[in-house]
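Q: Could you have a look at this structure, given as structure tokens, before my questions?
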Amino acid sequence: MTYESVYDAVFDQYEKEQSWNDNAHVGDKSSLNIADEALGRHADSDETGLRIRDFDTGETERYTFAELDAAANRVSNYLESHTDRGDRIGAMLPTLFELYAVVFGTIKAGRIYLPLAPMFGPDALNYRLKDSRASVLFTTTDGCEDLDGTISTLERVVTVDGGDDDAVDGETTVDGYDAVTDHSDAFDSVETHPNDPYTLTYTSGTTGAPKGVLSSHRGVVELHAYAEYVADVRPDDVYLVAASPSWSYGLNMGTVMSGVRGTAIGCYRGQFDPHTFFETLEEWDVDNAMIPPTALRQARAGGIDLESYDIDLRVLISAGESLDQETVAWCENGLGAPPQDAYGLTEGGMIVCNYAFEDWEVKPGSMGKPLPGTEVALLDDDGNEVDQGEVGEVAVKRDENAQGSYWGRPEATLDTFTGLWLRTGDLAREDEDGYYWYVSRADNVIISAGYRIGPGEVEDTLLNHPAVEEAAVVGADHDTRGNIVKAYVTLVDEYSPDDELGEEIQEFARSELSKHEYPREVAFLEALPKTASGKIKRSALED
């Protein structure tokens, strides 16, 4: 199989699979619930449906498809008793069996899953709960301590490690997880239209707070080509994705598409440790893995000897940012497969990728070629395609049936999800062989360890520190993370710049934000560079 042999065929396949009548009503042939596709159809299976490696104990937990489906049904019944269809249901949990039960149970019940990473601090957590107007949060007792008791829409909190009525302020009801497990393990999934949303994922932008992106049930069709030709996920694979369903890739490819393809979900819990991770690949006899570029760079820089492990991957996906030639060769020699870079974004899905074809050449550092079924162009500021070899903004041609929107932001939705092209904000060039090469962001979004970080959210938090008068955040080069967040601040009169204050400001931001987005460097300036109109010149700070 070659890239050329499948590209045109996928367009024909999409026309058949996406030919739902958008005016149809729930209950007819247009009904599609991705939780049924991914889990419900395996409900009677005693095959392994979920593997979790605990990095603290070294133990592997295994659950069958039937056990996971029963647990998801209990969550669905709990939500049916306390919420309405379309309610947003948040989960801020480590990688536990209960997290996957909440994901599938929420979607089965026709509610909208709100991913919340356990690394979130109070600012990041409460902003998303307030903006989404979530009605239920599944978390731990520790997670309750970060909650703002003024969130009027949050009706219930479920703690998986035991309920505590004193852990949450306000009128919110707090239940232990036994309130879920007391429900029946039988549930008929709610019939949903392919365009109904199943998740609300927050993505960082260039200014202001993150925006929520609604994704629809039809996503299982839109991800088909990626799962088939890039990740090449097979039912008999031992599959491991080093990302939990708190993040888009872990939710869509690591969780939903695992079940759709008929293979077990594989993930880990705890602080990433390269030795334990590669031991897991060996002990599980993993065939197919997704490993973030930062993890691979850190492992190589840390002197990990891959020859000491017996690992032979058929497929290795490394999404989020490009890898250098030395790391690519290190992986190919020690893991059995070269890392296949895959480029996508929450708003547009997977767009430009490398492939698992036997004759496919991975060019180290290249994004690859457009995903079959997807039309990609590089555009200039006026919307015209640039010549081959020139730098342009990556844009994906919009499917006329696709439904995309930002939660509660109609103007931003019109800007992004209308017109012929969805513009990504990423700059790239195309070489003579049709491979795309990432150049940079067209805006100020920082990509660090694969995470997209909007400067606005970090700056807003920094301004809450009593010493900070003004703040500007940019990306700074880093050997393993690609970029790190660097903050430039000016101080109010009664404070003086020194290392101790820099560390205090850094720790303040770390406690309030996600653990991946706090500034790892803080620099003091007497004044921030600004334009004539008073806007901060981040380009000057980057230079």
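Read the figures in this text as sums done on the coordinates, not as results from a lab. In this text, all values refer to a predicted model and were calculated from it rather than measured experimentally. Cβ sites come from the backbone with ideal geometry, for glycine too, and all protein chains shown count toward neighbours.
Q: At 10 °C and 1.306 mPa s, grab the translational diffusion coefficient of the range 375-441 from Stokes-Einstein with a Kirkwood Rh over Cα pairs, rounded to a whole number in µm² per second.
A: 124 µm²/s
Q: Also: If the cut-off is a Cα-Cα distance under 19 Å, which aspartates and glutamates reach residue 537, setting aside same-chain residues fewer than 8 apart in sequence?
A: 443, 457, 459, 460, 469, 470, 477, 521, 526
Q: Separate question: For a quick protection proxy, order the peptides 50-56, 258-264 by their average other-Cβ count within 10 Å, most packed first. Write out the running numbers ahead of the final one.
A: Working: 50-56: 18.9, 258-264: 22.1.
Result, highest mean Cβ count within 10 Å first: 258-264, 50-56.
Q: Here's a follow-up. Just list whichever of 130/486; 363/397; 108/486; 363/530 have alpha carbons separated by over 32 Å in the model shown.
A: Over 32 Å Cα-Cα: 108/486; 363/530.
Q: With unit charges on the beta carbon (Lys/Arg positive, Asp/Glu negative), name the residue among 180, 149, 65 whose Cα is farthest towards the positive pole of the charge dipole of the range 62-215.
A: Toward the positive end, the furthest listed residue is 65.
Q: Using a 10 Å cut-off on Cβ atoms, rank the peptides 436-444, 377-385 from the highest mean neighbour count down.
A: Highest mean packing first, the order is 436-444, 377-385.
Q: Rounded, prolate or oblate: which one fits the range 62-215, using the alpha carbon gyration tensor with axes a ≥ b ≥ c (rounded when a/c is under 1.5, else prolate when a/b beats b/c, else oblate)?
A: oblate
Q: Could you give log10 I(q)/I(0) at q = 0.20, 0.21, 0.25 Å⁻¹ for the range 340-399, computed by the Debye formula over C-alpha point scatterers of equal weight, without solvent?
A: Cα-only, vacuum Debye calculation for the range 340-399: -0.83, -0.90, -1.13.
Q: A follow-up question, please. Could you tell me, in Å, what Rg and Dmax come out for the Cα atoms of the range 446-542?
A: Over the range 446-542's Cα set, Rg and Dmax evaluate to 12.8, 38 Å.
Q: While we're on this one: In debye, nearest 20: dipole of the range 275-320 around its Cα centre with unit charges on the Cβ of K, R (+) and D, E (-)?
A: Roughly 420 debye for the range 275-320.
Q: Something else now. How would you classify the range 493-543 from its alpha-carbon gyration tensor, with a ≥ b ≥ c the square roots of the eigenvalues: rounded for a/c under 1.5, else prolate if a/b is greater than b/c, otherwise oblate? Provide the component values of the computation, followed by the final result.
A: Details: a/c = 2.33, a/b = 1.43, b/c = 1.63.
Verdict is oblate for the range 493-543.
Q: About its Cα centre, how strong a charge dipole does the chain have in debye, to the nearest 20, once Lys and Arg get +1 and Asp and Glu get -1 at the Cβ?
A: 1060 debye
Q: About its Cα centre, what dipole magnitude does the range 396-543 give when the only charges are +1 on Lys and Arg Cβ and -1 on Asp and Glu Cβ, stated in debye to the nearest 20?
A: 700 debye
Q: May I pose another question? Sequence-distant or interchain residues sharing an amide H contact under 5 Å with residue 439, placed H: which?
A: Amide H to amide H, under 5 Å and 5 or more residues apart or across chains, residue 439 pairs with 427, 428, 429.
Q: Read through the labelled values (1) 76, 56, 44; (2) 70, 55, 50; (3) 66, 63, 55 and report the label of the one computed as Cα extents along the principal axes in Å from the structure.
A: Of the labelled values, this structure produces (3).
Q: Let me see the P(r) profile for the range 173-247: every Cα-Cα distance counted, bins of 10 Å, each bin given as a percent of all pairs.
A: Whole-percent P(r) values from 0 Å outward: 13, 24, 39, 21, 3.
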